[in-house]
Amino acid sequence: KQEVTQIPAALSVPEGENLVLNCSFTDSAIYNLQWFRQDPGKGLTSLLLIQSSQREQTSGRLNASLDKSSGRSTLYIAASQPGDSATYLCAVSATSGTYKYIFGTGTRLKVLA
Amino acid sequence: NAGVTQTPKFRVLKTGQSMTLLCAQDMNHEYMYWYRQDPGMGLRLIHYSVGEGTTAKGEVPDGYNVSRLKKQNFLLGLESAAPSQTSVYFCASSSVYGYTFGSGTRLTVV
C-alpha cells in the first residue's frame, strides 16, 4: 500500500530564507506527483505537477524535483515571503486513467517577517 | 471563473440524520472525487467517478454513497450520520493537467 510521508510536520523560517520541503513515498511505481498549498480554512491549490517521466518542474520561486527510484520529492521555495505561510501537501497518483491521489499529511510553513 | 463549487459550506447534523453534499464543476472534467480531511490523517479518498454515470469506491467509502447523474455534478450522501463522519469534505475534479479543489464543507455530527 502506498504511503506518503512529509517531514517536517511544521517549519518556521525568517523571511528571505530559501527552504526545502520533503516528501517521500513507499512505492516508486507512480504515475505523477503533485504539490499543493492549503491556506487555513480553505481548499487546496495546485502548485506543481510532475509526471513520472520528468525530473523537475518550476513555477516562479517554486521548484519541485522528483526521484522515483529513491521515492522522494522536494519542493524548493526561493526567497521565502510571509505570504508563503501555508500548509504544503504532496500527493502521488499510482494509477493512470483515474488520477486518484494518496496525500501526505503536509508541512505547515510559517515565514516570519 | 467558478471552477469547483461545493454546497453547503457548513452543516451541523444530529446522529442518524441524512444529508447530501453537492459538488459542481464547470471545467468539463471527466474525473471527480470526494475526499475527507481529518487532523493528522491528511486527505483520504471516499469515492470517485471517471465519467458521467460511473462511481467507484475509494479508501474510506463506508457510510457514504455517491451519484454522478450529470457530468458536471457529483453528489455525496450520508444516509445515517455518525460522529465519526465529523470532518472537512473536499470535492475535486481533474484532467491530465492536475486537480482543482472546491473550498470544502465543514460537517459536524453531534
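A compact table of results
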{"item": "Region B:15-52, residues that are at the interface with chain A (Cβ under 9 Å from one of its Cβ atoms), assigned to a strand (DSSP E or B) and of a type in the set (Gly, Ala, Ser)", "result": "B:Gly42"}
{"item": "Where B:Asp62 falls short, out of the listed (1) away from every other protein chain (no Cβ under 11 Å); (2) in a loop (DSSP other than H, G, I, E, B); (3) closer than 15 Å to B:Leu21 by Cβ", "result": "(3)"}
{"item": "Flag for B:Ala56 being facing chain A (nearest Cβ under 9 Å), out of contact with any Lys or Arg (no Cβ under 7 Å at 6 or more places or on another chain) and without any contact (Cβ under 8 Å) to a residue 12 or more places away in the chain", "result": "yes"}
{"item": "Selection status of B:Val12, of a type in the set (Val, Ile, Thr) and in a loop (DSSP other than H, G, I, E, B)", "result": "no"}
{"item": "Some residue of region B:81-91 being surrounded by fewer than 17 Cβ atoms within 10 Å (Cβ to Cβ), part of a loop (DSSP other than H, G, I, E, B), away from chain A (no Cβ under 13 Å) and in contact with a Pro (Cβ under 7 Å, 6 or more places away or on another chain)", "result": "no"}
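Residue-wise test of (1) among the hydrophobic types (A, V, I, L, M, F, W, C); (2) free of Cβ contacts under 8 Å to residues at least 12 places away in the same chain; (3) farther than 24 Å from B:Tyr48 by Cβ.
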| site | (1), (2), (3) |
| --- | --- |
| A:Gln6 | no, no, no |
| A:Ala9 | yes, no, yes |
| A:Gly41 | no, yes, yes |
| A:Gln54 | no, no, yes |
| A:Ala64 | yes, no, yes |
| A:Ala79 | yes, no, yes |
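We did not get these values from a lab; they are worked out from the coordinates using the rules stated. Source: prediction; values computed, not measured. A quick note on method: Cβ atoms are made from the backbone with ideal geometry, for glycine too, and the neighbour counts reach across all protein chains shown.
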